[in-house]
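Data first, discussion second: the structure below is written as C-alpha cells.
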Amino acid sequence: MAADSETSREPTEGETGERAGDPVLEADGVGKQFAGLRALEDVDMTVHRGEIVGLIGPNGAGKTTLFNCISGTFPPSEGRIYLDGQEITDLQAHQIARRGLARTFQITRPLEELTVVENAMVGAHIHTRRRSEAREIAMEQLAFVGLADRADEEAGELTVGAQKRLELARAVATRPTVLLLDEIMAGLTPSESEEMLGLFRRLRERGTSLLVIEHDMKAIMKISDYVKVLDNGRSIAFGRPKTVVENEAVIEAYVGGTGFDA
Ligand SMILES: Nc1ncnc2c1ncn2[C@@H]1O[C@H](COP(=O)(O)OP(=O)(O)OP(=O)(O)O)[C@@H](O)[C@H]1O
C-alpha cells in the first residue's frame, strides 16, 4: 500500500505515527522530467484527513510541478498519485477535480467580465448544471470568504486581496476533500494574511485537507501541522514545523545556512 511505503521513507523522526485521520492524498515515488531537466525525483508525500501540510523549498525546487502532477495539469513521468485511496495518476484535471481535489493558481486570474458570484459558480458547476443550485453553493462560499455583499460586482473591480478570497471561494465551491493552495497569500497585507490563515483553519475544522505552497515562512510555520521540504526536485525533509526549521539540510538548502526568521 502506498501509504505504508511512503510513511516509512519519510524522515519524520517518529512523528507520522501521531498523524490523525487516514491519508487522503498520497504521492508515491513521483518524478517529472521536462526534456533534459529533472524537475522532480522520487518524491513521496502524504496529506492526512483534516491536516494542513506546508510545501516549501527554494525557487525552482519543484513545488508547483508537484501541484501540476497531482492536479492533472500533466501526468508525472514516474510514480503514482492517490486521492482518497483511488489512483488518479493518469486522470485528466477535470476528472481529478470531480473526485475531490481543487487547486488555486500562483497567478490569480478571475474572469473579469463575469461577476463575483459567476466566478464562484464556475467551481460549483463541477457538480451541478443547474444555475440556481450553482448560485446557492457559490453564495455560501462567498459568505465564507466574506464576499457575499459584493456578489454582483464585476470580478475585475476587486482588490488583489479580494481576488485571492474569490479564488479560494471558487476552489471551495467544488467541495474538495483536498485543496492545493499555490501562494494564495502573495501580495496580501499583514491583516489580509491573518484573515486568510483564519480561513485555512476553518477549512481544516470542516475536515478539508490543505496542501499549501507559501513563501511567507512565518505564516507557513504558524499554520502547518506538518511541513514538507523540496530542494532541486528532491524531498529533503518532512516533519513538524519546529523540527523542520532546525533541520540542517533545510537551513542549508533553503536559506543558505543563515537560519530561519520564523
Ligand atoms: N512546463 C515546464 N517546462 C519546462 N520546465 C519546467 C516546466 N515547469 C517547471 N519547469 C522547471 O522545473 C523546475 C521546477 O519548477 P517549479 O515551478 O515546480 O518550482 P517551484 O518550487 O514551484 O518554484 P517557485 O517557488 O519559483 O515557484 C524549474 O527548473 C522550472 O524551470
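Here are the numbers for this structure:
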{"quantity": "Contact order relative to length of the range 108-173, as percent, for alpha carbon pairs under 8 angstrom and 6 or more apart", "calculated": "48 percent"}
{"quantity": "Spin-label model distance (nm) - Glu18 vs Glu157, 7 Å beyond Cα toward Cβ", "calculated": "4.9 nm"}
{"quantity": "Residue-averaged 222 nm ellipticity for the chain, from DSSP H runs of 4+ at -39500 (n - 2.57), nearest 500", "calculated": "-10500 deg cm²/dmol"}
{"quantity": "Calculated FRET efficiency for the pair Thr189/Leu111, C-beta based, R₀ 25 Å, to 0.05", "calculated": "0.55"}
{"quantity": "Kyte-Doolittle mean at least -1.0 and Cα axial length at least 15 Å: DSSP H helices in the chain", "calculated": "131-145, 160-172, 190-205"}
{"quantity": "Compactness relative to 2.2 N^0.38 Å, alpha carbon Rg of the range 20-115", "calculated": "1.13"}
{"quantity": "Under 17 Å from the Asn232 label point (7 Å along Cα→beta-carbon), backbone N, the range 51-73", "calculated": "57-63"}
{"quantity": "Residues Val122, Val145 arranged by fewest to most Cβ contacts within 10 Å", "calculated": "Val122, Val145"}
{"quantity": "Packing rank of 95-104, 21-30, where each peptide gets the mean count of other beta carbons within 10 Å, highest leading", "calculated": "21-30, 95-104"}
{"quantity": "Charge dipole (debye, nearest 20) of the chain; +1 at Cβ of Lys and Arg, -1 at Cβ of Asp and Glu", "calculated": "540 debye"}
{"quantity": "Convex hull of Cα atoms in the range 108-173, direction-averaged projection (nm²)", "calculated": "3.7 nm²"}
{"quantity": "The range 154-177 and the range 62-91: distance between their alpha carbon centers, rounded to Å", "calculated": "24 Å"}
{"quantity": "Quarter of the Cα convex hull surface for the range 166-262, i.e. its orientation-mean projected area (nm²)", "calculated": "6.7 nm²"}
{"quantity": "Computed Kirkwood radius, in angstrom, where 1/r is averaged over Cα pairs of the chain", "calculated": "18.7 Å"}
{"quantity": "Unsatisfied cross-links (Cα-Cα over 18 Å) in the set Lys164/Lys228; Lys63/Lys228; Lys164/Lys242; Lys222/Lys242", "calculated": "Lys164/Lys228; Lys164/Lys242"}
{"quantity": "Fraction of beta bridges assigned by DSSP in the chain that are antiparallel (%, nearest 5)", "calculated": "55 percent"}
{"quantity": "Contact order relative to length of the chain, as percent, for alpha carbon pairs under 8 angstrom and 6 or more apart", "calculated": "24 percent"}
{"quantity": "Ranking of Leu230, Leu83, Leu158 by count of other Cβ atoms within 10 Å, fewest first", "calculated": "Leu158, Leu83, Leu230"}
{"quantity": "Cα gyration tensor, the range 98-209 - rounded (a/c under 1.5), prolate or oblate", "calculated": "oblate"}
{"quantity": "Full-extension gain in nm, Thr128 to Phe34, via 0.36 nm per residue minus C-alpha separation", "calculated": "30.2 nm"}
{"quantity": "Cβ-based exposure ranking for Glu133, Glu205, in which fewest neighbours within 10 Å come first", "calculated": "Glu205, Glu133"}
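A short reminder: the numbers here are calculations on the coordinates, not readings from a lab. Fair warning: this is a prediction, and the values are worked out from it, not measured in the lab. Note that each Cβ is placed from the backbone with ideal geometry, even for glycine, and that neighbours are counted across all protein chains shown.
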